[in-house]
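K.L.:
This structure is in structure tokens; I'll ask about it shortly.
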2 protein chains.
Amino acid sequence: MKIYNNPPVKDWGKIAKRPVFETEVIEERVKPVLKKVKDYGDIALKEFTLNFDGVEIDSFEVTDSEKENAASLISDELKQSIDIARANIEKFHQSQRSHFEVIETTPGVKCWQKNIPIQKVGLYIPGGTAPLFSTVLMLAIPAVIAGCEEIILCSPPNKEGRIHPAIIYSASLVGVTRIFKVGGAQAIAALGYGTESIPKTYKIFGPGNQYVTAAKQLLSKDGIAIDLPAGPSEVLVVADKTTNIEFAAADLLSQAEHGVDSQVILLTNNMDVLYDIQSAMNKQLAVLPRKEIAEKAIANSKAIVFEDFKESVDFINEYAPEHLIISTKNFEEYSANIVNAGSVFLGYYTPESAGDYASGTNHTLPTNGYAKAFSGVNLDAFVKKVTFQQISKEGLKNIGEAIQVMAENESLHAHKNAVTLRLNDVK
Amino acid sequence: MKIYNNPPVKDWGKIAKRPVFETEVIEERVKPVLKKVKDYGDIALKEFTLNFDGVEIDSFEVTDSEKENAASLISDELKQSIDIARANIEKFHQSQRSHFEVIETTPGVKCWQKNIPIQKVGLYIPGGTAPLFSTVLMLAIPAVIAGCEEIILCSPPNKEGRIHPAIIYSASLVGVTRIFKVGGAQAIAALGYGTESIPKTYKIFGPGNQYVTAAKQLLSKDGIAIDLPAGPSEVLVVADKTTNIEFAAADLLSQAEHGVDSQVILLTNNMDVLYDIQSAMNKQLAVLPRKEIAEKAIANSKAIVFEDFKESVDFINEYAPEHLIISTKNFEEYSANIVNAGSVFLGYYTPESAGDYASGTNHTLPTNGYAKAFSGVNLDAFVKKVTFQQISKEGLKNIGEAIQVMAENESLHAHKNAVTLRLNDVK
């Protein structure tokens, strides 16, 4: 860990800086993939799946019998755990429902905002050795609660042409409409443009490697909505003398094991606490299966001492961490002052793992400082708010003059005329 | 107007297609502007302002005396009209406030979502012959209600180095923090990167020409949030035998006068109504000051007859218009079935102009079919929703086992360990 002792404000920008990735090369490799899927549909998907995933796929869609089988292929223990997580995620996201109210802004002028689900959404779940079924829950549950009509999930097939049963099980359980065995940039293209097999969707969610990220970014230039700009996962842990050293070390490591580019920051007001946590990390690290990954991430991590509480809070808000764990006695004092963070974990018994899996909050969160302007995925991410208005004759009499004057001053005479004609009619 | 009589579904995609602009050439011209502002700050802004706006600016910020003067330079009539609009916009956007509630998803597991204003927002208001003070109201009022700390407005100076007093007056009135005389892509760069004079902001709002649009798009690749992807303004008017022909014609023209690329669509179930509206448009057009612009937009416009109600609704949802005016007796039947639109205007006395200026709804709306996935600007656009959670010992006992099982099944052992250590502690 690189240690900073009471760094001056002028250095904060540099300390808070995330790694910058050269995206242009990746984009140039992704563009022809997108174009080919757009132009040739399923034929292109088959070719890319053979080349990139090393498997020939005849029919992309996961069948009903595959779905039925999935349940028998995973343990009862996992099923029960998924049920607990599902119930909590449902409860929390259901609480985010908002209801519209008709507002009479002026007598006779009624305005309201209606939450309408995005009809078709695409969810991408990466492949790899570990099946990210938790992300299936995090994306599909709010989509179902929002009322999205078509929830299309894509995930890459393994060499045997299969998707991990835990992904299929979770998706079927919570109400994903259709599941397809396609991965990478070609899956994102299919969700954005549609093919013979895969329906076009209006908004694409989910994590992925740099090709997936580039594909989402390129599609968003075409007006297809995406959940969030992507970046490596991050945690900032706040610790002091009241903190349980082992817990804090475990929290830092649980971020570090994600990948070598994981961003791990320890913030404390006490140098002894810093050293103690460092040494606890080294001990815990020794027995981790993903030791090598975590070790590299830790080598790039930062430990910062701020003796001053206000400086400490200001730095957190400048850094805007994806995950913020405040593992101190005075966590309430901190949390009241936090304005930039993705998700905040308060107190000694609130590890990030809880929010990653089962407490109910979403784990799809803004990284890379984007928490300054972006929310994590929540129920709102699956709805649009459409405004409606209805004006009576009386209402138009009340605001018609103002509209005419304003339109005239903006030199928009046809705008004015649309009111003038109506006012003449109601006189 | 190009007329389509009961077009089959297979043709809808083509009819609903918007003009496609070649953005690459523009982007290549904008990139060096962004880079120069990023590298050289105010010096670059001065150079670009001299080159593009033809005026030398020493100090970009609008002074207090300019603000005080502005009020005396616009008519009392306009001030009163702005007051009426402001009150309605405030009332409607204040009603969009949502309050968080602490949810106990499982005993001992408390989760909540807090609305936190984006600290620094940038508003861009284009120059030109007509001052878009209405857009100042639409962007600044919700920013103030949300509680944004810094609301920075940029607008290009005219040849005399001034911003129109109606813009300055409106901005000061509603609480814009600082106003700067900078326009074009260089203004967007300044709001995104910050310069010596102009503070960096986290989200940039507002309309503009293709250079401004390209600059916003490019900055959004760097993770700076923007309000909406841009496109030419649009209206779809629904008319039948109950519709007032003159009103419908005026509504179509009020869209057409925006620009030659304005998208204007008339949808009706009756060919006679279509012809009547066309002829009314021709008559009204003759006396419009912006006749030439409107004429060109109308030449590219479309009139569609659908005898079938359901087809009519389905087409609207496929087109996803920015503005939808339903000027028929059965507007409620329509509006209940609308899922894709930016803002919907119901009944005979609800012209789009009302929502453009003074009814209270926002006029910054998704164009180009983006209403399928995007909301217009509303209070939410100025806040982030940050999740918090606090878990007690009891709470961790309740969900700890599920977290451990899920983490293990995703091969994330450090995630599991962060829970195991805590569970051992509370046993």
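The values are calculated or read from the model by the stated rules, or taken from the named source; none is laboratory data. Computed from a predicted model, the values in this text were never measured in an experiment. All Cβ positions, glycine included, derive from the backbone under ideal geometry; neighbour counts span all protein chains shown. These area figures cover heavy atoms from the full protein model, side chains too; ligands, DNA and RNA do not enter into them. Shrake-Rupley method; radii C 1.70, N 1.55, O 1.52, S 1.80 Å.
K.L.:
Return the residues of segment A:328-366 that are open to solvent by 10 Å² or more (accessible area, probe 1.4 Å) and more than 7 Å from chain B (Cβ to nearest Cβ); say none if nothing qualifies. So that I can check it myself, show each step before the final result.
P.N.:
Of segment A:328-366, the ones open to solvent by 10 Å² or more (accessible area, probe 1.4 Å) are A:329-337, A:339, A:348-349, A:356, A:363-365.
Those that are open to solvent by 10 Å² or more (accessible area, probe 1.4 Å) and more than 7 Å from chain B (Cβ to nearest Cβ): A:K329, A:N330, A:F331, A:E332, A:E333, A:Y334, A:A336, A:N337, A:Y348, A:H363, A:T364, A:L365.
K.L.:
Which ones in segment B:370-388 are within 7 Å of another protein chain (Cβ to nearest Cβ) and of a type in the set (G, A, S)?
P.N.:
Listed by number, the residues that qualify are B:A371, B:A373, B:S375, B:G376.
K.L.:
Okay, next question. Taking the conditions exactly as written (in contact with a strand residue (DSSP E or B) (Cβ under 8 Å, 6 or more places away or on another chain) and surrounded by fewer than 23 Cβ atoms within 10 Å (Cβ to Cβ)), does A:N270 satisfy them or not?
P.N.:
Details: in contact with a strand residue (DSSP E or B) (Cβ under 8 Å, 6 or more places away or on another chain): yes; surrounded by fewer than 23 Cβ atoms within 10 Å (Cβ to Cβ): yes.
Answer is yes for this residue.
K.L.:
Now for a separate question. A:K221: modelled with pLDDT under 95 and either crowded, with 24+ Cβ neighbours inside 10 Å or more than 27 Å from A:D314 (Cβ to Cβ) (or both), yes or no?
P.N.:
On the way: modelled with pLDDT under 95: yes; either crowded, with 24+ Cβ neighbours inside 10 Å or more than 27 Å from A:D314 (Cβ to Cβ) (or both): yes.
Criteria met by A:K221.
K.L.:
I need the full set of residues from segment A:224-251 which are closer than 30 Å to A:Y348 by Cα, open to solvent by 10 Å² or more (accessible area, probe 1.4 Å) and within 18 Å of the chain's Cα centre (by Cα), in order please.
P.N.:
Those that are closer than 30 Å to A:Y348 by Cα, open to solvent by 10 Å² or more (accessible area, probe 1.4 Å) and within 18 Å of the chain's Cα centre (by Cα): A:L228, A:A230, A:G231, A:P232, A:S233.
K.L.:
For segment B:307-321, which positions are touching a residue at least 40 places away in the same chain (Cβ under 8 Å) and either of a type outside the set (D, E, K, R) or open to solvent by less than 10 Å² (accessible area, probe 1.4 Å) (or both)?
P.N.:
B:F309, B:S312, B:F315, B:I316, B:Y319, B:A320, B:P321, listed by residue number.
K.L.:
Being assigned to a helix (DSSP H, G or I) and among the aliphatic types (A, V, I, L, M) is the filter here, so list the residues in segment B:20-48 that pass it. Spell out how you get there, then give the answer.
P.N.:
First pass over segment B:20-48, keeping only residues assigned to a helix (DSSP H, G or I): B:24-40, B:42-48.
The answer is B:V25, B:I26, B:V30, B:V33, B:L34, B:V37, B:I43, B:A44, B:L45.
K.L.:
Now, a different point. Do we find that A:S254 is at the interface with chain B (Cβ under 9 Å from one of its Cβ atoms) and open to solvent by less than 10 Å² (accessible area, probe 1.4 Å) in this structure? First the steps, then the outcome.
P.N.:
Working: at the interface with chain B (Cβ under 9 Å from one of its Cβ atoms): yes; open to solvent by less than 10 Å² (accessible area, probe 1.4 Å): yes.
In short, yes.
K.L.:
Then there is this: Can you give me the number of residues within segment B:389-424 that are in contact (Cβ under 8 Å) with a residue 60 or more places away in the chain, over 24 Å from A:T135 (Cα atoms) and more than 7 Å from chain A (Cβ to nearest Cβ)? Show your work before the answer.
P.N.:
The initial filter retains those residues of segment B:389-424 that are in contact (Cβ under 8 Å) with a residue 60 or more places away in the chain, namely B:389-399.
If we keep only those that are over 24 Å from A:T135 (Cα atoms) too, we end up with B:392-394.
If we keep only those that are more than 7 Å from chain A (Cβ to nearest Cβ) as well, we get B:394.
Qualifying residue count for the region: 1.
K.L.:
Between a first residue in segment A:218-236 that is without any contact (Cβ under 8 Å) to a residue 12 or more places away in the chain and a second residue that is among the hydrophobic types (A, V, I, L, M, F, W, C) and surrounded by 20 or more Cβ atoms within 10 Å (Cβ to Cβ), which pairs have beta carbons less than 6 Å apart while being 6 or more apart in sequence or on different chains?
P.N.:
A:S220/A:I226
K.L.:
Moving to a separate point now. Please go through segment B:406-427 and give me each residue that is under 17 Å from A:I82 (Cα atoms), open to solvent by less than 10 Å² (accessible area, probe 1.4 Å) and part of a helix (DSSP H, G or I), ordered by number. Please lay out each step first, then the result.
P.N.:
Of the residues in segment B:406-427, the ones under 17 Å from A:I82 (Cα atoms) are B:406-412, B:415-416, B:419.
Subsequent filtering for residues that are open to solvent by less than 10 Å² (accessible area, probe 1.4 Å) retains B:406-407, B:410, B:415, B:419.
B:M406, B:A407, B:H415, B:V419 - these are the residues of segment B:406-427 that are under 17 Å from A:I82 (Cα atoms), open to solvent by less than 10 Å² (accessible area, probe 1.4 Å) and part of a helix (DSSP H, G or I).
K.L.:
May I ask you to verify whether A:I179 is within 14 Å of chain B (Cβ to nearest Cβ) and in a strand (DSSP E or B)?
P.N.:
Values: within 14 Å of chain B (Cβ to nearest Cβ): no; in a strand (DSSP E or B): yes.
Spelling it out, it is not the case that A:I179 is within 14 Å of chain B (Cβ to nearest Cβ) and in a strand (DSSP E or B).
K.L.:
Using beta carbons and a limit of 6 Å, which pairs, at least six apart or on different chains, have the first residue in segment A:35-64 and at positive phi and the second one not charged (D, E, K, R)?
P.N.:
The qualifying pairs are A:G41/A:T195.
Results for (1) farther than 17 Å from A:N5 by Cβ; (2) touching an Asp or Glu at 6+ places or on another chain (Cβ under 6 Å); (3) not hydroxyl-bearing (S, T, Y), shown as yes or no for each residue.
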residue: A:A239; (1), (2), (3): no, no, yes
residue: A:A249; (1), (2), (3): yes, no, yes
residue: A:Q255; (1), (2), (3): yes, no, yes
residue: A:Q284; (1), (2), (3): yes, no, yes
residue: A:L288; (1), (2), (3): yes, no, yes
residue: A:A294; (1), (2), (3): yes, yes, yes
residue: A:F309; (1), (2), (3): no, no, yes
residue: A:N317; (1), (2), (3): yes, no, yes
residue: A:F331; (1), (2), (3): yes, no, yes
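K.L.:
Does segment B:182-218 hold any residues that are outside any helix (DSSP H, G or I) and open to solvent by less than 10 Å² (accessible area, probe 1.4 Å), and which are they? Write out each step before concluding.
P.N.:
Going through segment B:182-218, the residues outside any helix (DSSP H, G or I) turn out to be B:182-183, B:194-209.
Correct list: B:V182, B:G183, B:I198, B:T201, B:I204, B:F205, B:G206.
K.L.:
While we're on this one: So, in segment B:140-170, of the ones that are under 15 Å from B:E66 (Cα atoms) and in a helix (DSSP H, G or I), which residue ends up farthest from the other protein chains (Cβ to nearest Cβ)?
P.N.:
Among those residues, the one meeting the criterion is B:I168.
K.L.:
Considering only residues of segment A:116-130 that are modelled with pLDDT of 95 or more and within 9 Å of another protein chain (Cβ to nearest Cβ), which is farthest from A:L191 (Cα to Cα)?
P.N.:
Looking at the filtered set, the residue picked out is A:I116.
K.L.:
Please go through (1) over 24 Å from B:I151 (Cα atoms); (2) open to solvent by 10 Å² or more (accessible area, probe 1.4 Å); (3) in contact with a Ser or Thr (Cβ under 7 Å, 6 or more places away or on another chain) for B:K67 and return the number of the only condition it doesn't satisfy.
P.N.:
(1)
K.L.:
If I filter segment B:268-291 for residues that are in a strand (DSSP E or B) and within 24 Å of A:Q390 (Cα to Cα), do I get at least one hit? I'd like the intermediate steps shown before the answer.
P.N.:
Start the filter on segment B:268-291 by keeping residues that are in a strand (DSSP E or B), which leaves B:268.
Narrowing the set further to residues that are within 24 Å of A:Q390 (Cα to Cα) leaves B:268.
Yes; the residues of segment B:268-291 include at least one that is in a strand (DSSP E or B) and within 24 Å of A:Q390 (Cα to Cα).
K.L.:
If you take the residues in segment B:70-97 that are open to solvent by less than 70 Å² (accessible area, probe 1.4 Å) and charged (D, E, K, R), which one is nearest to B:N209 (Cα to Cα)? Spell out the reasoning first.
P.N.:
Restricting attention to segment B:70-97, the residues satisfying the condition of being open to solvent by less than 70 Å² (accessible area, probe 1.4 Å) are B:70-71, B:74-75, B:78-79, B:81-90, B:92-93, B:95-96.
Within this subset, residues satisfying the condition of being charged (D, E, K, R) are B:79, B:83, B:86, B:90.
Details: B:K79: 28, B:D83: 28, B:R86: 26, B:E90: 28 Å.
The qualifying residue nearest to B:N209 (Cα to Cα) is B:R86.
K.L.:
Further, regarding this structure: Take the residues of segment B:98-108 that are hydroxyl-bearing (S, T, Y) and crowded, with 20+ Cβ neighbours inside 10 Å: which is nearest to the other protein chains (Cβ to nearest Cβ)?
P.N.:
Going through segment B:98-108, the residues hydroxyl-bearing (S, T, Y) turn out to be B:98, B:105-106.
Of the ones still in play, those that are also crowded, with 20+ Cβ neighbours inside 10 Å are B:105-106.
On the way: B:T105: 4, B:T106: 6 Å.
So, considering only residues that are hydroxyl-bearing (S, T, Y) and crowded, with 20+ Cβ neighbours inside 10 Å, the one nearest to the other protein chains (Cβ to nearest Cβ) is B:T105.
K.L.:
On the basis of being in contact with a Leu (Cβ under 6 Å, 6 or more places away or on another chain), aromatic (F, W, Y) and either within 23 Å of B:G376 (Cβ to Cβ) or within 11 Å of chain B (Cβ to nearest Cβ) (or both), does A:F133 make the cut? Walk me through how you get there before you give the answer.
P.N.:
Numbers: in contact with a Leu (Cβ under 6 Å, 6 or more places away or on another chain): no; aromatic (F, W, Y): yes; either within 23 Å of B:G376 (Cβ to Cβ) or within 11 Å of chain B (Cβ to nearest Cβ) (or both): yes.
Taking the combined requirement at face value, the residue does not satisfy it.
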